[in-house]
Amino acid sequence: MHLEGQRFFGPSGVTLVVAFVTALLPTSIDLYLPALPRLSKEFATSEALVNLTLILFFLGMAGSMLVWGPLSDKYGRRPVLLTGLSLFTLTSLACAAAGSIAQLILFRVLQSLGAGAGVAVNNAILKDVFSGRERERALAAVITLILIAPVVAPALGGFLLQLMSWRGLFMLLGGLGLLALGLSLLLDETIQKRQQKRLLPILARMGGVLKNPRFTFLLAVFSSPMLPAMAFVAASSYIFIQDFGLSEVEYGLCYMVISVFRVLGPYLYIFLSRSIAPRHIVTAGFATTLATGILLAVLGPFGPIWFAVAIIPIIPAGPMLRPPGVNLMLEQQDLEDAGSASSMINAAPFVFGGTGMLLISLDMGHPILLLAVMCIAIGAATTALWLLAARRPFVARILEG
């Protein structure tokens, strides 16, 4: 543990700041989910075009993290955080003032670039400060704390939409960005040794990270479940509000109940890992995606309650896989590449998630069936690949350490 340079925060304080900054991401997505059908009507445009405010946010986030991470290796974590959070705050206010769907899409892309800074360096900060099992516990704590956002945000957004327009939601995001910026100003630099090379060679190290087959394999396997998970996020408001006839408030409450199960994921991993080998927990997590697809195909079309029951199993599975998955991936890279590795670890799920959002937007006429197909395909593939890899030395050595 390396906290000698921190004047204002101890281990818990650093963890909380990282969690709050990272939580801006799910809040930026989930707060305005109830407003998506309203945006289609207000701007007189298609659902697919409105969903670009989600899809391009995800892809912009992924692309920005590939740059922010190496920048943090060269210039430090703190400058990257402050720059990104300043951009996030300003563009959140610009989203509130958007006069067309094109402007909103543009400002959302810029907003995603700012939000990407905090997400890009969060794992690198934790690697700077913690090690071994302490890092795994810190990762689990951060994931648990940031999962509060998607539990509260949709319900809050649904209620706020009864009092204000969707523009007020982006004003709120601007305020949260300003608060995160203030907290980050109190966070001292955590990196112990900066990269001395020029920026372009540092960015080129991304290729070197991806050339590590063990890292790349784990990155793909652990990121894949985000494809159906984010497809659900993109389609949920349309399924509940338009297909099942719920109000914005009812949708927000229903989404909140579903999201509560996300908070269980990291704790479930910690609890189960006391008596069950991590490799078996991970196997169960991947298999759950497959089971969710079957439940969606059988129960999903029969109404909002049945759809919620069918989708719930996949909700805690992803967060449960995150602590062991991130730890496995970080252990495949040298410390000097922590920023680049952290960027890749955080960017890849957004690429898969954005792909899922795009696929579901192409056929909003049958979203439940498409979700089922996604879950079955991804669940079967990841379970099989994990079973092949779990006994390989580069995985088994860490899981048993």
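If packing is taken as the mean number of other Cβ atoms within 10 Å per residue, what is the order of 308-319, 341-352, highest first?
Numbers: 308-319: 22.2, 341-352: 25.8.
Highest to lowest by the protection proxy: 341-352, 308-319.
At q = 0.10, 0.19 Å⁻¹, what is the log10 ratio I(q)/I(0) for the range 57-191, with the Debye formula run over Cα points and no solvent? Debye output, listed in q order: -0.36, -1.18. Its alpha carbons considered, the range 206-347 gives a radius of gyration followed by a Dmax of 17.3, 52 Å. For the range 297-369, taking Cα atoms only, Rg and Dmax work out to 17.0, 52 Å respectively. Relative protection proxy for 93-105, 165-177, from highest mean packing down: 165-177, 93-105 (other beta-carbon atoms within 10 angstrom). The sum of -39500 (n - 2.57) across all DSSP H runs of n ≥ 4, divided by the residue count of the chain, sets its helix-only mean residue ellipticity at 222 nm to -26000 deg cm²/dmol. Taking one quarter of the surface of the convex hull spanned by the alpha-carbon atoms of the chain gives a direction-averaged projected area of 17.8 nm². Could you work out the local net charge near ALA149, counting Lys and Arg as +1, Asp and Glu as -1, over the other residues with Cβ closer than 12 Å to its Cβ? Summing Lys/Arg as +1 and Asp/Glu as -1 gives 0. Shown in residue order for the range 173-187 are the 3J(HN,Hα) couplings computed by the Karplus curve 6.51 cos²θ - 1.76 cosθ + 1.60 at θ = phi - 60°: 4, x, x, 5, x, 5, 5, 4, 5, x, 5, 5, 5, 8, 8 Hz (x for Gly and Pro). Among PHE88, PHE271, PHE232, the residue with the largest mean-square fluctuation in a Gaussian network model of the chain, with springs joining Cα atoms closer than 10 Å, is PHE271.
Computed from the coordinates by the stated procedures, all read-outs in this text should not be read as laboratory data. All values reported here derive from a predicted model rather than from experimental measurement. Note: ideal-geometry Cβ built from the backbone for every residue, glycine included; neighbour counts use all protein chains shown.
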